[in-house]
Amino acid sequence: MGVLLSYSLACSIVAVLLFPVLHQIVNRSTSFRFNRFALLSGLFLILALPLMLKSVVVSVSPNHAVVDIAISEIVKNENIGNGNITPLSDDNRWMFAAFIIYFAGIMVFFLRELVAYVRLFRLVAHSEKTRYDRLVICRLGDSEIAPFSWGRYIFLHDAELEKGEDCILLHEKAHTTKRHWIDILLADTICIVLWYNPLLWLTRRLIKLNHEFEADSAVVRSGIKAYDYQRLLVVKAIGKSAMPISNSFAADKRSFRKRVLIMGKKRSSKRTMLIAVFAIPALIFAGLAIAAPASARLLDRISDYNPESEVLTEMNIPIQEPAVSIIEPYSSATEEPDTIVEIPSPLEDQTFLAEIIKLSMETIQIDKDTKVNIEIAVDEDGRIKNVTADNPDGAHLAAAIDQNLSSIKFEQTIYNGKSIEMHFNIPVNIKKK
């Protein structure tokens, strides 16, 4: 679940920097086929760039990776298994809330899309149909709905089939033959996943507006006078409702004004297409923003976050003890072990490491509440190199963990066929007795 939210945030960064370029292309270029290609390419880049960066930037260096362990904050003197409610940590509370809001938004917009398609298919099922040049014309009974098309279906009123109004049919036929509904379906899907980003919804509007430009251009090129078509557009479209998932003849005031103006505009120069070149620096800046250390750490933390673990922590579900006891509590008199026990890497299973930390905390004394980050450095063979704390108050705990890990090695972490060194960061909250 965390992977989807992290990925959507990375896509949003690309969308923010790419949108101004796409907006200028649609507003300045009258090469509508090129505009459509640019818009669809923009959607593809929004989805693909974070994935490409993720495949390239995997570790800090070829032999060294830093990982924030997804163990919920470990608290000394926790009453495990007593059924009491332990509140979420301050650091994770906002992330837990963000997950709830994000996935609730996805559900709301997905259900809205589902309802729209149910309404569409009900219209298809209950309307009177006529075959026309491999297309299906469905007669609309609701006069408040403007003519529209989806797939191979064109929805028209009886009056619009009369002589003199065939330009509406030509308009909707242009939508169907160019398969504009596929563009809308793709844009809607992306908008559901990135529902919180208004620039994605504006990009979707640009796509639909360019569709109308294409269809209007097809009508004018057929020989119908632009002035007569504009008058018909006013009579038939303004004030009527449109199907949100389809290409509709209806137009709001803003898009109507643009459609009228673009019909009387001369074909733009091919040099106008050079605006698309500005997408290159936009993508470079987006890549740098995603790969920046601060944003990369945040995205990785969100990606590794598991809200189910927070629910378990809040319910105080105890960690299951290992089947075989692999350590004894820390003692200064502990002798150097003769054998080394191998346990799963914390990337795969954190149960053993969490138990070791809890046992280590039982051996130290502290007179105040302390919050520390413990870093465990593991070499290429899985052996513990050192254990450090980010402040002096955690030095005793780090020493205890280091001692308890002296007889243990982790499974090797393999990347590109080579074992690599790992640094694991674990937040620990120690409370005085």
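The values are calculated or read from the model by the stated rules, or taken from the named source; none is laboratory data. Everything quoted here is computed from the prediction, not taken from an experiment. Positions of Cβ are backbone-derived with ideal geometry, glycine not excepted, and every protein chain shown enters the neighbour counts.
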Self-check item: Residue ID - modelled with the highest pLDDT, chosen from residues in the stretch 141-167 that are of a type in the set (A, V, I, L, M) and more than 38 Å from the chain's Cα centre (by Cα)
Solution: Ala159
Quiz item: Looking at (1) under 13 Å from Val428 (Cα atoms); (2) free of Cβ contacts under 8 Å to residues at least 40 places away in the same chain, which is the only condition Ile374 fails?
Solution: (2)
Quiz item: Inside the stretch 94-167, counting only strands (runs of 3 or more DSSP E) that do not spill past its ends, which hold 1 or more residues that are within 29 Å of Ile190 (Cβ to Cβ)?
Solution: 135-139, 148-150, 153-156
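A quick yes/no check of all residues on (1) outside any loop (DSSP other than H, G, I, E, B); (2) outside the structural domain of Glu348 (by TED's automatic domain parsing); (3) crowded, with 16+ Cβ neighbours inside 10 Å:
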site	(1), (2), (3)
Asp381	no, no, no
Gly394	yes, no, yes
Ala398	yes, no, yes
Gln412	no, no, yes
Exercise. For the stretch 364-407, name all the residues that are more than 23 Å from Glu421 (Cα to Cα) and among the aliphatic types (A, V, I, L, M).
Key: Ile364, Ile366
Self-check item: Index of the failed condition, Ala395 passing every other in (1) at pLDDT 80 or above; (2) in contact with a helix residue (DSSP H, G or I) (Cβ under 7 Å, 6 or more places away or on another chain)
Solution: (2)
Quiz prompt | Output for the stretch 194-204, where each listed residue is in a helix (DSSP H, G or I), touching a residue at least 24 places away in the same chain (Cβ under 8 Å) and surrounded by fewer than 21 Cβ atoms within 10 Å (Cβ to Cβ) | solution = Leu199, Leu202
Quiz item: Does at least one position in the stretch 420-428 carry a residue that is modelled with pLDDT of 85 or more and of a type outside the set (D, E, K, R)?
Solution: no
Practice problem: Could you pull out the residue among Thr388, Thr313, Thr339 that is among the polar types (S, T, N, Q), modelled with pLDDT of 80 or more and either over 34 Å from the mean Cα position of the chain (by Cα) or not in a loop (DSSP other than H, G, I, E, B) (or both)? | Solution: Thr388
Self-check item: Members of the stretch 347-375 that are of a type outside the set (D, E, K, R), touching a strand residue (DSSP E or B) at 6+ places or on another chain (Cβ under 6 Å) and buried (at least 18 other Cβ atoms within 10 Å of the Cβ)
Solution: Phe352, Ile357, Thr370, Val372, Ile374
Exercise. Would you be able to say whether some residue in the stretch 205-216 is in contact (Cβ under 8 Å) with a residue 24 or more places away in the chain, among the polar types (S, T, N, Q) and part of a helix (DSSP H, G or I)?
Key: yes
Quiz item: Is it true that Arg33 is at pLDDT below 90 and of a type in the set (D, E, K, R)?
Solution: no
